[in-house]
Amino acid sequence: MQLQNAVLNENRVHLQWTDGIQDEFPTIWLLHACSCEACGLSIKGVREQRLTDHPKRPKPIAVDVQNDTLQIDWGLGHHSSYQGPWLRGHRLSSSGRTERFPRPIIWDKDLEIPTSLSYREVTNNHGLHLQKLECIRDLGFVLLYDVSMDSSMIERIPSLIGKRRITNYSIYELKTKPNPEISGDMAVELLPHTDEMYRIDPPAITLFHVIKQSRLGGESTLVDGLRLAQCLEQEHPDVLKTLCEVPARFHRELEEGRHFDLQAPIFRRDGKGRISGIRFNERCMAPVDADPDTAEQFYDAVRHLLEILYSGKETLQIHLDAGDMLIFNNHRLLHGRTRFDPSSGRYVRSVHVDLDEFHSRLRVSLRKANSQNEWMNLGPGATA
């Protein structure tokens, strides 16, 4: 579709597209979006014009459409150009703004696991690389196979997603140890949880690279946090409301005198009130800081959540072999592991990538593919 014509009506510019869609843009919005040499590029951090430099309701001298581009003459030698695809990707109507919000695929244990992608092919094929990123955005995870079992690979692979984030550990090695610091280093079952939920901004994209798998057990488990919220919304909406409003308390003491203690709701909502993320790990949950009535209400709500979470009815189980990699969104999915044989030498290396770095890589890949989804509203939890 292309721009067909433009009409100036008071302080609005009305646009007609060749597919019949009509839009309107306030003149102040268009003036603010101008990227001419005099105004500067806000995306480069060099915006020269201040909003207070202009009238509240600027009135252009003329508007026109030429070669799928909106041309505006503001007078005094100031001209602006807006390309049709850019305007289409920034429609201000309700339908236009809705199109820019991600539409996650919510799943349960019956999800047909997407076909694993070859690491070698993903690194050499932009289409497959984009498919991988979109899978993380829409489903919350992706599987790669044919990853070299060289342990140093975990240092290079994050570059396909974004810059590596260092939190408690630069690279964590999950394997049985004589004196384990965390449950992940034991051979016991790990119930579904999110990592480092005691941080204001927990690490988002997590990569698990299997170097050696157990002969028995050690299956990876995933639960969609959006599905948990969906179940609660259908069966106990009051419970979901409590878990969205009453802050849980998570804490953790680490070596070198480091002490984390955070209060935040278990479920997060976005600006439209939709569930956009979850943080939860019962092992690190401290007593709630609330009045007695609210405390009882909170623990009742958590009990409802755990009945669903620990029932296994929503748990997807995935077998990973040596050379496989699981990449998932820690802000959306809870992950765990079945019990395994401690003598097997199971060995997994793990690193993290920040959510905004992942979104950056996704936008760049979408731009290369000439996709209007480049302008998708990827805020916190937008992969959710």
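Worth a mention:
Rundown of residues vs (1) touching a helix residue (DSSP H, G or I) at 6+ places or on another chain (Cβ under 9 Å); (2) within 27 Å of Arg103 (Cβ to Cβ); (3) not assigned by TED's automatic domain parsing to the domain that holds His304, yes/no style:
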residue	(1), (2), (3)
Val239	yes, yes, no
Val246	yes, no, no
Phe250	yes, no, no
Glu256	no, no, no
Leu262	no, no, no
Arg268	yes, yes, no
Gly271	no, yes, no
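- Residue check: Ser170 meets all listed conditions (1) at pLDDT below 85; (2) surrounded by 16 or more Cβ atoms within 10 Å (Cβ to Cβ); (3) not in a strand (DSSP E or B) but one, namely (2).
- Top-ranked residue in the range 98-112 [being of a type in the set (Val, Ile, Thr) and touching a Leu at 6+ places or on another chain (Cβ under 7 Å); ranked as farthest from Cys231 (Cα to Cα)]: Ile105
- Qualifying residues in the range 1-34 (those that are loosely packed, with under 14 Cβ neighbours inside 10 Å and aliphatic (A, V, I, L, M)) - the one nearest to Gly96 (Cα to Cα): Met1
- Yes/no for Thr115 being within 18 Å of Ser365 (Cβ to Cβ) and surrounded by fewer than 17 Cβ atoms within 10 Å (Cβ to Cβ): no
- Residues (of a type in the set (S, T, N, Q), in contact (Cβ under 8 Å) with a residue 12 or more places away in the chain and more than 22 Å from Val348 (Cα to Cα)) located in the range 123-136: Gln131
- Against the test of being assigned by TED's automatic domain parsing to the domain that holds Met149, in contact (Cβ under 8 Å) with a residue 24 or more places away in the chain and within 27 Å of Met153 (Cβ to Cβ), the options Gly277, Gly218 yield a single qualifying residue, Gly218.
- Beta carbons closer than 6 Å, at least 6 apart along the sequence or on distinct chains, pair a first residue in the range 245-267 that is in contact (Cβ under 8 Å) with a residue 40 or more places away in the chain and more than 15 Å from Leu232 (Cβ to Cβ) with a second that is part of a loop (DSSP other than H, G, I, E, B) and acidic (Asp, Glu) for Arg249/Asp289.
- Residue in the range 47-64 that is loosely packed, with under 11 Cβ neighbours inside 10 Å and on the phi > 0 side of the Ramachandran plot present: no
- When the residues of the range 246-287 are filtered to those that are over 27 Å from the mean Cα position of the chain (by Cα) and in a loop (DSSP other than H, G, I, E, B), the one that is surrounded by the fewest Cβ atoms within 10 Å (Cβ to Cβ) is Glu256.
- Qualifying residue in the range 149-162 (condition: in a helix (DSSP H, G or I), under 20 Å from the mean Cα position of the chain (by Cα) and at pLDDT 90 or above): no
- Scanning the range 362-384 for residues that are at pLDDT 85 or above, surrounded by 18 or more Cβ atoms within 10 Å (Cβ to Cβ) and of a type in the set (A, V, I, L, M, F, W, C) yields a total of 2.
- Subset of the range 293-303 [in contact (Cβ under 8 Å) with a residue 60 or more places away in the chain and surrounded by fewer than 19 Cβ atoms within 10 Å (Cβ to Cβ)]: Asp300
- In the range 1-76, counting only strands (runs of 3 or more DSSP E) that sit wholly within it, the ones holding 3 or more residues that are out of contact with any Ser or Thr (no Cβ under 6 Å at 6 or more places or on another chain) and aliphatic (A, V, I, L, M) span 3-9, 62-66.
- Listed conditions (1) over 32 Å from the mean Cα position of the chain (by Cα); (2) aliphatic (A, V, I, L, M); (3) modelled with pLDDT under 95 are all met by Ile43, apart from (1).
- For the residues Leu144, Leu139, the requirement of being surrounded by 20 or more Cβ atoms within 10 Å (Cβ to Cβ) and either free of Cβ contacts under 8 Å to residues at least 40 places away in the same chain or not assigned by TED's automatic domain parsing to the domain that holds Ala204 (or both) singles out Leu139.
Yes or no, residue by residue, for (1) surrounded by 20 or more Cβ atoms within 10 Å (Cβ to Cβ); (2) in contact (Cβ under 8 Å) with a residue 24 or more places away in the chain; (3) in the same structural domain as Arg88 (by TED's automatic domain parsing):
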residue	(1), (2), (3)
Glu307	no, no, no
Asn330	yes, yes, no
Leu333	yes, yes, no
Val351	yes, yes, no
Ser360	no, yes, no
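- Test for Asp324: is it surrounded by 15 or more Cβ atoms within 10 Å (Cβ to Cβ) and either without any contact (Cβ under 8 Å) to a residue 24 or more places away in the chain or assigned by TED's automatic domain parsing to the domain that holds Thr194 (or both): yes
- Comparison of Asp73, Asp110 shows that the only residue that is surrounded by fewer than 17 Cβ atoms within 10 Å (Cβ to Cβ) and within 30 Å of Val223 (Cβ to Cβ) is Asp110.
The values are calculated or read from the model by the stated rules, or taken from the named source; none is laboratory data. Treat the numbers as computed from the prediction; the structure is a model and nothing was measured. Please note: Cβ atoms are built from the backbone with ideal geometry, for glycine as well, and neighbour counts cover all protein chains shown.
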